[in-house]
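Reviewing the structure listed below.
Coordinate-derived values only; no laboratory data. Since we're looking at a predicted model, the values are computed, not measured. All Cβ positions, even for glycine, are placed from backbone atoms using ideal geometry, and neighbour counts span all protein chains on display.
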């Protein structure tokens, strides 16, 4: 008995000590998170725009980030970056902008918004310099907007054009004796091609060639404008492979000079009339965000709802658009009379057709009581377009990927794989002929195939009906631009799927105008709303630990492949309005 009490008291003491230590840790984190001490910008500041950072659509604070990333602050959201660059235009403490453009981890539409913000900043007369050791084409797209762009003497500029490569799994599935059993509607609906073909179909090659060519043309036009070049000449440099070295990049005017890091800093020092040994006051955007106040203030509210990731039924995760979660968010906004308009920022390649329908319903109800404006990010296609189509007005960037109005469903048959490859067989009983329809242990019979194809066709018709009503287009006319076809934002505007080309801020300005608010008397309310401090602590801890574990075992490309395989698993048996997976533009 004495031994029992010893163990019990020792356990209680350990629990008390753990609790006390945990409380102090939480207090320390809370104090640092809620500290009112703002960093100072300092005089003659040079903002740093590092394009190797992927700027997310919505800023979500992770309290553990500084502890796991050497004290570095989290990067601001894409919209915050745009606002910060706008604020810096009139900030007398900021003298210029330095763009690190070797790599660009942001999408084409996000890069378009960033480039416009850089051009607006430069037009104020403040200097903008860009540099990269080896500059990628996406990095060059933004960097070329600078006053001057440099690369390392032993580096260079990638100038080879854009390409798309898809991985096709049909050969592997055939060897494994796995039948995907695919049903789809829309001749351009290419999401299932990797499972049913060994190469791109002609229809898919046609549509992909068109929208990829439009992205490239926009890229060349933007560079030609900044560098005062001819687009035909720029295109020819890629066709002939003329840019092989850094010296070639100077020769053909893609960069202004070849400089090492210390030489670029000397250029900035001279520009700011500082001595050669002076230290440049570089300020990263995360620090600048904490040092200044951005955003409009007023009594009226405009809701900005960020919908990022795959569309799924239920609550969904942090990087998903869960129908239950967003249904509740939209309903809350609709019933809140202090919110005068809503901007729906969509960055999604789609997902569950039923989940998309649930969100579509809430948007149609919202539109009856207050203006609804959609702003499309890098991609708002398939299910992403489904949830956008009933808005009062749709904004997209020229480089946005949208459309893909089509549906598919997959039911895998693993019978031969299980029996012939790993020696597993199955058997069972049922009370009706179709009780086990969709089972992975046997192939579908013809009647079941007809059922599933009819279901896909019905969902596709419903999808087109929603779009036709929302866009005021006849079904016959819509069918010409549907069929699962993918469009760029600029082309989508031409065919009537998009109203205007513009950024998130342009969409907000439109919402303010439609709600008849004063342009300087409103404030933005972001959704999904921030979690409580404890929720942020727990979610941030789990996310940070998971990310650290994944990054120690896999590289970035392997992580992306694992994510795609996880998405593939989620497609089984659920009708999807979704873009192709395993798709990468290089």
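In terms of the Cα gyration tensor, with a ≥ b ≥ c the square roots of its eigenvalues, is the range 382-472 rounded because a/c is under 1.5, prolate because a/b exceeds b/c, or oblate? Taking the square roots of the gyration eigenvalues as a ≥ b ≥ c, the range 382-472 is prolate. When you restrict to C-alpha pairs under 8 Å that are six or more residues apart and normalise by the size of the range 285-422, the relative contact order lands at 20 percent. Computed packing ranks the peptides 48-60, 226-238 as 48-60, 226-238, most packed first, by mean other Cβ atoms within 10 Å. When a/c is below 1.5 the answer is rounded, else prolate if a/b is larger than b/c, else oblate, so apply that to the range 74-126 with a ≥ b ≥ c taken from the square roots of the Cα gyration tensor eigenvalues. Taking the square roots of the gyration eigenvalues as a ≥ b ≥ c, the range 74-126 is prolate.
Using equal-weight Cα scatterers in the Debye expression, the normalised intensity of the range 115-237 in log10 at q = 0.11, 0.12, 0.14, 0.22 Å⁻¹ is -0.58, -0.65, -0.76, -1.22. Ellipsoid fit via the Cα gyration tensor, the range 190-293: semi-axes of 41, 23, 13 Å, each the root of five times an eigenvalue, largest first. I'd like the distance between the alpha-carbon centres of the range 350-429 and the range 285-319, rounded to an integer number of Å. About 22 Å separates the Cα centre of the range 350-429 from the one of the range 285-319. Averaged over residues, the count of other Cβ atoms within 10 Å places the peptides 134-142, 288-296 in the sequence 134-142, 288-296, highest first.
From the alpha carbon gyration tensor of the range 354-425, can you work out the equivalent ellipsoid semi-axes (sqrt of 5 times each eigenvalue) and give them in Å, largest to smallest? So the three semi-axes of the range 354-425 are 40, 16, 7 Å.
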